[in-house]
Amino acid sequence: MAAAAGVELRLLGEWLSPYCIRVKQALAVKGVAGYEYVEEDLEHKSELLLSSNPVHGKVPVLIHRGAPVCESLVIVQYVDEAWAGPAILPSDPYERSRARFWAAYIDDKFFPSWEPFFKSKTAEDRAETFKNAIPAVETLEKALTECSSSEGKPFFGGDSIGYVDVALGGYLAWIKAVDEVAGTSLFDEAKFPRLAAWAERFAAADAVRDASPAVEDIVVFYKKMQAAETGAEH
Amino acid sequence: MEKKSSENATPPVAAPLKLFGSWASSYTHRVQLALRLKGLEFEYVEEDLGNKSDELLRHNPVHKKVPVLVHGGRALPESVIILQYLDDAWPETRPLLPADAFDRALARFWCHFADDKLGPAVGAVFASTGEDQEAAVRQVHENLALLEVELRDGAFRGRRFFGGDEVGLLDVVLGCGSYWLAVFEDVTGVRLVDADAFPRFNAWLRDFEALDEVRETIPAVDRLLEYARGLRHMLLGLAGANAAAPSADAPTTAAAAPSAAAADIAVDI
């Protein structure tokens, strides 16, 4: 069921949005190519976006044969189920539940605990908010150990990139960009060796490289954002 | 394919099921209802949310919440995740999710809407007064209107239940929570689910609540009313000395952890 070029499959997105990045990563992992990508201006949302996602009006939206799928993790699961290709979710029911659990944790706990750090402007604020982001990172380090087992497999998905990997992976370029500007290291190699190794391997994977924005581009945007004193909605 | 028999693999389906829950928690009800729909036997453990058991905390160290389903020693927290697990582990028995990938995506989208938007809005109505409450009520109405549109013209048009002729995942998720609407209306005096404004939603809820398995699962409305009244008094810090005397089950929960209990009703999993 290969996607034909253009209209058969369309992704409405925004290049900076971690939720759009993770969908692109998932499509790449699954081997789905030839879709049309539409960059949305979130200040001037297209009619197509607003009519495809009337409930939230947000990106990403995947439009498959005219039918829209909304919410990034819902999209990732849809991609996994609607196309043949490497499995994103594991096949074992209990492992699937763990994957869903950690993906939800990443969005509901990890990101909200990191967000204040991302929004901080002064060194003082940054010190405080960075410290507050650490407990969730500790939890993720343990999660990676649980998912990858004693055999020390590279990804949350085991030998290959899976659901939790793209869940966290959508944020990775942002995490690195903010670390660069703030002079910090969230997935510090000494404190969180498995996450640090994961971040390196994940970023180096072909599927990810092509689907993710360059950290330098985000750094430029982030610096402008901080200077302008506007909050970013992503 | 080499597959280690790891701590992570699913136990055999015949392994025992044990559910840790709270009698007033709609998230717990979702799991109880799903287990009953699938005809699965389970042991139930009532947790005192103001004094959680060591066993619960061991099974859900990250969130420390109910419900948690333990299957052959493996712990599953988070109600929507548990429901999907039941389908994955018992695929032949009364599936909760539809077969088609797009329909599954729709069900998941609206489940997330229920927990991310509708639930918190209803909780906000319950926890507030005056202008704040009016704003929260408007939010609830906007959310219900979105569902009404889907039932009338959209993805779920013409269906008796969101799952079709029979209840599915979204019915369980929305339904176990929606019974609070009438309770909150009674306790707060605010109109939430006008039958004229939301005819199809009302019809669905009525049909849902009439099902045998649902009636087995949802507590009697007078218990819910009593619980909600006690909770509202706590939340608003009203002089509640002459509120209806809480039942034996309610006091420790409501007294010891009012915000946690309120959170467990509608807002938090």
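The values are calculated or read from the model by the stated rules, or taken from the named source; none is laboratory data. Predicted model only: the values in this text are computed from it and were never measured. Positions of Cβ are backbone-derived with ideal geometry, glycine not excepted, and every protein chain shown enters the neighbour counts.
Only one of the listed residues (A:W114, A:W102) is surrounded by 15 or more Cβ atoms within 10 Å (Cβ to Cβ), more than 14 Å from chain B (Cβ to nearest Cβ) and not aliphatic (A, V, I, L, M). That residue is A:W114.
Report yes if some residue within segment A:18-35 is within 21 Å of A:V215 (Cα to Cα), among the hydroxyl-bearing types (S, T, Y) and more than 10 Å from chain B (Cβ to nearest Cβ); otherwise report no. Spell out the reasoning first.
Step one: filter segment A:18-35 for residues within 21 Å of A:V215 (Cα to Cα), giving A:18-29.
Next, only the ones that are among the hydroxyl-bearing types (S, T, Y) stay: A:19.
Within this subset, residues satisfying the condition of being more than 10 Å from chain B (Cβ to nearest Cβ) are A:19.
Yes, segment A:18-35 has at least one match.
Given the condition away from chain A (no Cβ under 11 Å), in contact with a Leu (Cβ under 8 Å, 6 or more places away or on another chain) and surrounded by fewer than 16 Cβ atoms within 10 Å (Cβ to Cβ), answer yes or no: does some residue in segment B:7-29 qualify? No: segment B:7-29 contains no residue that is away from chain A (no Cβ under 11 Å), in contact with a Leu (Cβ under 8 Å, 6 or more places away or on another chain) and surrounded by fewer than 16 Cβ atoms within 10 Å (Cβ to Cβ).
Residue count for segment A:86-99 under the criterion of being within 12 Å of chain B (Cβ to nearest Cβ) and touching a Ser or Thr at 6+ places or on another chain (Cβ under 8 Å): the result is 4. The condition of being more than 9 Å from every other protein chain (Cβ to nearest Cβ), part of a helix (DSSP H, G or I), out of contact with any Ser or Thr (no Cβ under 8 Å at 6 or more places or on another chain) and over 19 Å from A:R100 (Cα atoms) holds for only one of B:R58, B:R36, that being B:R58.
In the set A:L172, A:L168, A:L140, which member is within 14 Å of chain B (Cβ to nearest Cβ), modelled with pLDDT of 95 or more and on the phi < 0 side of the Ramachandran plot?
When all the criteria are applied, what remains is A:L140.
Selection of segment B:77-87 for residues being within 7 Å of chain A (Cβ to nearest Cβ) and more than 16 Å from the chain's Cα centre (by Cα) yields only B:Y85. Scanning segment A:98-126 for residues that are hydrophobic (A, V, I, L, M, F, W, C) and either at pLDDT 95 or above or touching a Leu at 6+ places or on another chain (Cβ under 8 Å) (or both) yields A:A99, A:F101, A:W102, A:A103, A:A104, A:I106, A:F110, A:F111, A:W114, A:F117, A:F118.
Selection of segment A:156-181 for residues being over 13 Å from A:V23 (Cα atoms) and part of a helix (DSSP H, G or I) yields A:L172, A:A173, A:W174, A:I175, A:K176, A:A177, A:V178, A:D179, A:E180, A:V181. Can you name every residue in segment A:60-96 that is in contact with a Pro (Cβ under 6 Å, 6 or more places away or on another chain) and over 21 Å from B:E78 (Cα atoms)? The one that is in contact with a Pro (Cβ under 6 Å, 6 or more places away or on another chain) and over 21 Å from B:E78 (Cα atoms): A:V61.
Selection of segment A:169-193 for residues being touching a residue at least 60 places away in the same chain (Cβ under 8 Å) and closer than 15 Å to A:A204 by Cβ yields A:G169, A:A173. Taking (1) within 14 Å of another protein chain (Cβ to nearest Cβ); (2) surrounded by 21 or more Cβ atoms within 10 Å (Cβ to Cβ); (3) modelled with pLDDT of 95 or more in turn, A:C147 satisfies each apart from (3).
Residue by residue, here is whether (1) in contact (Cβ under 8 Å) with a residue 24 or more places away in the chain; (2) of a type in the set (A, V, I, L, M, F, W, C); (3) not in a strand (DSSP E or B) holds:
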position	(1), (2), (3)
A:L48	yes, yes, yes
A:G57	no, no, yes
A:I63	yes, yes, no
A:V74	no, yes, yes
A:Y78	no, no, yes
A:A84	yes, yes, yes
A:I88	yes, yes, yes
A:E95	no, no, yes
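Scan segment B:104-140 residue by residue and report those that are among the aliphatic types (A, V, I, L, M), more than 10 Å from every other protein chain (Cβ to nearest Cβ) and in a helix (DSSP H, G or I). Listed by number, the residues that qualify are B:A114, B:L118, B:A121, B:V122, B:A124, B:V125, B:A135, B:A136, B:V137, B:V140. In a residue-by-residue description of segment A:197-208, the property of being touching a residue at least 12 places away in the same chain (Cβ under 8 Å), part of a loop (DSSP other than H, G, I, E, B), away from chain B (no Cβ under 13 Å) and surrounded by 13 or more Cβ atoms within 10 Å (Cβ to Cβ) applies to at least one position.
Pairing residues of segment B:170-196 that are within 26 Å of B:D103 (Cβ to Cβ) with residues that are of a type in the set (D, E, K, R) and buried (at least 22 other Cβ atoms within 10 Å of the Cβ), at Cβ distances under 7 Å and at least 6 apart in sequence or on separate chains, gives B:V172/B:R30; B:V173/B:R30; B:C176/B:R30.
Of all residues in segment A:113-133, those that are without any contact (Cβ under 8 Å) to a residue 12 or more places away in the chain and part of a helix (DSSP H, G or I) total 7. When the residues of segment A:56-82 are filtered to those that are under 22 Å from the mean Cα position of the chain (by Cα) and surrounded by fewer than 19 Cβ atoms within 10 Å (Cβ to Cβ), which remaining residue is farthest from the other protein chains (Cβ to nearest Cβ)? Here the residue is A:G57. Here A:K153 meets each of (1) in a loop (DSSP other than H, G, I, E, B); (2) surrounded by 16 or more Cβ atoms within 10 Å (Cβ to Cβ) with one exception, condition (2).
For B:A155, state whether it is touching a residue at least 12 places away in the same chain (Cβ under 8 Å), farther than 20 Å from B:H29 by Cα and either at the interface with another protein chain (Cβ under 10 Å from one of its Cβ atoms) or surrounded by fewer than 16 Cβ atoms within 10 Å (Cβ to Cβ) (or both). When the stated conditions are applied, B:A155 passes them.
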